[in-house]
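The next block holds one structure in the form of structure tokens; read it before the comments.
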Amino acid sequence: MASDLKTNQSSPLNVLVVDDDPICTFLAESLLKKHFNLHTVNNGYHALQAVEDEKFDVILMDINLNDPIMDGIKTMREIR
């Protein structure tokens, strides 16, 4: 399944995981780091910084980030 996403790619996809739950972040890292260039951040502000610094092929966003100023939906709107 993950190898299908790398078709016609000379290098693995860059994936950004944005989640404030350390257990979810740990699970994402455990499942994805073998197949993708994985970057994790724990809030919307750091996600915006990461997107400015690097191009990501996929962003996995927790829309319920526990931040009243920058939840996941607002973060994705800013990224778009």
FRET efficiency estimate (nearest 0.05) - Cβ-Cβ, S10 to M70, R0 41 angstrom: 0.75
For the chain, what is the number of Lys pairs with C-alpha distance below 19 angstrom, counting only pairs 8 or more positions apart or on separate chains? 4
Per residue solvent-accessible surface (Å²) - the chain, probe of 1.4 Å: 71 Å²
How much length, in nm to one decimal, is gained on full extension between L27 and R77, taken as 0.36 nm per residue of separation minus their Cα-Cα distance? 15.5 nm
Would you mind calculating the gained length between Y45 and L60 on full extension (0.36 nm times residue separation, minus the Cα-Cα distance), in nm to one decimal? 3.9 nm
From Cα pairs below 8 angstrom and at least 6 apart in sequence, can you work out the relative contact order of the chain, rounded to a whole percent? 33 percent
What do you get for GluC sites (Glu not before Pro) in region 27-80 restricted to DSSP loop and a cutoff of at most 12 other Cβ within 10 Å of the site's Cβ? E54
By the Kirkwood definition, with r running over pairs of different Cα atoms, the chain has a hydrodynamic radius in Å of 13.0 Å
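The values are calculated or read from the model by the stated rules, or taken from the named source; none is laboratory data. Remember, predicted model here, so these are calculated numbers, not experimental data. As a convention, Cβ positions derive from the backbone with ideal geometry for all residues, glycine included, and neighbour counts pool all protein chains shown. All accessible areas refer to the heavy atoms of the entire protein, side chains included, with ligands and DNA or RNA removed. Shrake-Rupley method; radii C 1.70, N 1.55, O 1.52, S 1.80 Å.
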